[in-house]
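Everything below concerns the one structure shown next.
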Amino acid sequence: MPLYNSLKVFRARLGMNQAEFGKAVGVSRQTISLIERGDYSPSVSLALKIASICESNVEDIFQYREDDNEKQ
Amino acid sequence: MKSSKMTGAIGKLATAMIFGAALGMAAMLGLLRFIESPVMASLDGLRQGFLGHVFWFQIACPLLLGSSALYMLFKARNLLKNYSAHTDEEGEAFEMFFHRYSAGALLLTTFGFILNFILFGLSVDPLNPMIQQSIVLFILTCPVFALMELGAIFLIQKQDPVKKGDPMSFDFNRNWIESCDEAEQITIYKAAYKTFSFMKTALLIIFILTLYAKFAFDGGNLPIVFVGSIWLLQNMVFFANSEKPKKAGVPGIC
């Protein structure tokens, strides 16, 4: 899935580690790690919740970029 | 276009059926020759020897698997006791080792539990000179495995207090999965679907083996009925559950 994110940057701004951020969002530390690595695309509700914790917009944290393979 | 696709599918199906029938015939002929061979006589001796000493296998099962599971449980508990991760890397490393030990303990306990049942089933045989001891041992070891399984679940819940569910309750699976976050739920559902797909093939193979057992070893009709019922039940449960989203107004998958 061509979903990129800058969650790590936003989390660092809040001064939280993955475990603390996961607790605030209501998911496990592992899920936050998966999202940051781009291995898991969160649901709309989870993305909105993350954006709300980061006091930002979903589009600022998550970006959809088409892969070269998909364009072809 | 549609009819050519259908013709292709029928051709493939016919080829598979002819190939399967030829393979089955060859396997049956091979099996019949194998039954008459001296290897079969020595295998029967092995079976009699195993059933004669099944009590000792019953002792070895909890000793080997149970003690290994207990060791892993203690390792996981000690890790949790000394847990003081501050950075993401420390948290990642802790979770990796904790999961390795707790999941390992859970896996070994489940294996031990199932093996205990299989050995008990085999021990109720006239060839076993210690049937009564076997029954007592089975009654004693079952709670041990159950307690270790409970211990592993409680330890996982202690590490992640978000995980809910009382393992002694019938609602445990439902409560557990509801307390998992969306990524964990997807992992569980993926594992469940892969298990379903695997079991579809595995049950077909087991069913063929029961057919061979009936013809070659006088295995009787009961294994065929049992395996066939499990095969039928698994598919019925899957299709019933796949219909549930349709009833809730969501497109189903079948």
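The values are calculated or read from the model by the stated rules, or taken from the named source; none is laboratory data. Predicted model only: the values in this text are computed from it and were never measured. Cβ sites come from the backbone with ideal geometry, for glycine too, and all protein chains shown count toward neighbours.
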Practice task
With the condition kept exactly as written, say whether any residue in the stretch B:140-155 is outside the structural domain of residue B:72 (by TED's automatic domain parsing), within 17 Å of the chain's Cα centre (by Cα), part of a helix (DSSP H, G or I) and not acidic (Asp, Glu).
Solution key: no
Exercise for the section: Consider residue B:215 carefully, then state whether it is away from chain A (no Cβ under 14 Å), touching a residue at least 40 places away in the same chain (Cβ under 8 Å), more than 30 Å from residue B:36 (Cα to Cα) and assigned to a helix (DSSP H, G or I). Expected result: no
Fill in the blank from the handout: Residue count, the stretch A:26-35, condition surrounded by 17 or more Cβ atoms within 10 Å (Cβ to Cβ) and either farther than 19 Å from residue B:85 by Cα or among the small types (Gly, Ala, Ser) (or both), comes to 3
Problem - Output for the stretch A:27-39, where each listed residue is more than 7 Å from chain B (Cβ to nearest Cβ) and in a loop (DSSP other than H, G, I, E, B) - result: A:38, A:39
Exercise for the section: Might you check whether a residue that is in contact (Cβ under 8 Å) with a residue 24 or more places away in the chain, assigned to a helix (DSSP H, G or I) and either away from every other protein chain (no Cβ under 14 Å) or under 30 Å from residue B:94 (Cβ atoms) (or both) occurs anywhere in the stretch B:177-195? Expected result: no
Practice task
Would you check if residue A:7 is within 12 Å of residue B:182 (Cβ to Cβ) and buried (at least 16 other Cβ atoms within 10 Å of the Cβ)?
Solution key: no
Practice task
Run residue B:61 past the list (1) surrounded by 13 or more Cβ atoms within 10 Å (Cβ to Cβ); (2) not assigned by TED's automatic domain parsing to the domain that holds residue B:127 and report the number of the one that doesn't hold.
Solution key: (2)
Handout entry: Criterion violated by residue B:157 - all others in (1) within 14 Å of another protein chain (Cβ to nearest Cβ); (2) touching a Ser or Thr at 6+ places or on another chain (Cβ under 6 Å) satisfied
Key = (2)
Completion exercise
Considering the stretch B:85-99, residues that are assigned to a helix (DSSP H, G or I) and within 15 Å of residue B:160 (Cβ to Cβ), and then whichever is farthest from the other protein chains (Cβ to nearest Cβ), we arrive at B:97
Practice task
Can you tell me which residue among A:21, A:10 is at pLDDT 90 or above and within 22 Å of residue B:99 (Cβ to Cβ)?
Solution key: A:21
Problem - Of residues in the stretch A:40-63 being part of a loop (DSSP other than H, G, I, E, B) and more than 11 Å from chain B (Cβ to nearest Cβ), the one surrounded by the fewest Cβ atoms within 10 Å (Cβ to Cβ) - result: A:55
